[in-house]
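Everything below concerns the one structure shown next.
The values are calculated or read from the model by the stated rules, or taken from the named source; none is laboratory data. It should be emphasised that the depicted structure is a prediction, and the values quoted were computed from it without experimental measurement. When the accessible area is computed, the model is the full protein with side chains, heavy atoms only, and any ligands, DNA or RNA have been set aside. Shrake-Rupley method; radii C 1.70, N 1.55, O 1.52, S 1.80 Å.
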Amino acid sequence: PRQGTWRQLGEARAQLQQAEEALAAKQELIDKLKAEAEQHRATLETIPVLQAQADIYKADFEAERAAREELHAQREALQEALAQLQLRVDAEGA
């Protein structure tokens, strides 16, 4: 009878050890998942900020493009006016 009790005690200790190891592994997995969730949350908080920055850069780029196009149009108008003035001066000189 005593040997059976010792064997049962040994089995119970082995089961307890396995349960503790499984619990430790589960806790490690939980900690890892928590860390990953925190990283994803931080990323999701960053996305709107990056989107706002991109929108600002896009608006700035579009404003600069419009200003360049306007300056180009003014330059062409001035060149045309200069050409007309040159024709008038040539005509008056002749």
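Only one entry of 87, 9, 29, 33 meets the criterion of being open to solvent by less than 100 Å² (accessible area, probe 1.4 Å), at pLDDT below 95 and in a helix (DSSP H, G or I), and that entry is 9.
Each residue in the range 44-72 was checked for being under 8 Å from the mean Cα position of the chain (by Cα), open to solvent by 80 Å² or more (accessible area, probe 1.4 Å) and among the polar types (S, T, N, Q), and 1 of them qualify.
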